[in-house]
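The structure appears below as structure tokens.
Please treat every number below as a calculation from the coordinates, not as lab data. Note that the structure is predicted; figures quoted are calculated from it, not measured. Note that each Cβ is placed from the backbone with ideal geometry, even for glycine, and that neighbours are counted across all protein chains shown.
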Amino acid sequence: MFHNIPPLVRQRMAALEALDTRDRLDGTPRARRLRQIPPETGRLLALLAASAPPGRVLEIGTSGGYSSLWLALACRERGDSLVTFEEDVDKVALARQTFRLAGVEDLVQVVQGNALDLLPDYPGVAFCFLDIEKDAYPACFQSVVPDLVPGGYFCADNVISHAAELEQFLAEVNADPRIDALVVAVGKGVLVCRRTSAP
């Protein structure tokens with residue numbers, strides 16, 4: 001999967017990495033920045049998604065499509081596709097450009113709108129990655145976990161960098177008997193949850 005990343009995907013990843021770096025250095029307002037994951041987080045997510053059981057692969061928070069490219073690699077490995085949700089119109093346009101330029105339009109469907117309104121239409125989840133505003137994490141978790149297939153994964157980014165903000169959420173996750181959970185110190189901290197019981 002990592003040894004044969006298509007050149008078009010590599011090129012688009014590099015372009016988005018450069019754009020993200022430029023935005024941070026230029027002081028672009030946080031709400032307008034891509035705020036994308038680092039490459040090592042992308043690799044972790046791709047490995048988990050590729051090894052997930054059969055079912056839907058979802059992403060909540062597309063941004064410019066960088067993390068989606070890593071998940072698209074996993075979907076190609078799985079013979080599957082990714083559904084990714086994004087509210088921001090400009091980021092949806094950028095993500096669609098990303099998927100076109102990277103040649104993965106057949107692997108990724110971008111859905112514009114509030115994921116919490118849309119998730120009930122996507123049951124049978126094998127893998128879900130969450131990376132949006134942190135105050136929405138608890139509601140997204142509660143919406144996705146009942147629809148996780150046994151052995152399915154729910155992952156959330158920024159749980160170390162935003163540990164204070166997410167302290168109560170992480171406590172609730174760790175106490176949830178439906179999942180086994182671990183915070184992995186990769187990138188800004190990735191919460192990895194695996195469904196242990198049938199829905």
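Computed from backbone phi with θ = phi - 60° and the Karplus coefficients 6.51, -1.76 and 1.60, the 3J(HN,Hα) list for segment 121-137 is 7, 10, x, x, 8, 8, 8, 9, 10, 10, 8, 9, 4, 5, 5, 8, 4 Hz; x is used for glycine and proline. In this structure, the amide hydrogen of VAL184, modeled 1.01 Å from its nitrogen in the peptide plane, lies closer than 5 angstrom to those of VAL190, LEU191, VAL192, counting only residues at least 5 positions away or on a different chain. The fewest-to-most ranking of SER63, SER161, SER197 by surrounding Cβ atoms within 10 Å reads SER197, SER161, SER63. Counted by neighbouring Cβ atoms within 10 Å, the residues VAL159, VAL145 run from fewest to most as VAL145, VAL159. Return the single residue from LEU19, LEU73, LEU82 with maximal mean-square fluctuation; model: Gaussian network over the chain, springs between Cα atoms under 10 Å. With Cα springs under 10 Å in the chain, the top fluctuation among LEU19, LEU73, LEU82 is at LEU19. Of the options [x] 33, 20, 16; [y] 24, 20, 16; [z] 36, 23, 16, only one is semi-axes √(5λ) of the Cα gyration tensor in Å as computed from these coordinates, and that is [y]. Each part reduced to its alpha carbon centroid, segment 66-122 and segment 164-199 end up 23 Å apart. Since only PRO53, PRO177, CYS75 are under comparison, the one whose Cα sits farthest along the positive direction of the charge dipole of segment 7-195, derived from C-beta charges on Lys, Arg, Asp and Glu, is CYS75.
Residue by residue, segment 147-158 carries 3J(HN,Hα) couplings of 9, 6, 6, x, x, x, 10, 10, 10, 9, 8, 6 Hz when phi is fed to the Karplus relation 6.51 cos²θ - 1.76 cosθ + 1.60 (θ = phi - 60°); x denotes Gly or Pro.
Dipole magnitude for segment 7-195: computed about the Cα centre from +1 point charges on Lys and Arg Cβ and -1 point charges on Asp and Glu Cβ, it is near 560 debye.
Each Cα pair under 8 Å and six or more residues apart adds its sequence gap; the mean of these over the residue count of segment 7-195 is a relative contact order of 20 percent.
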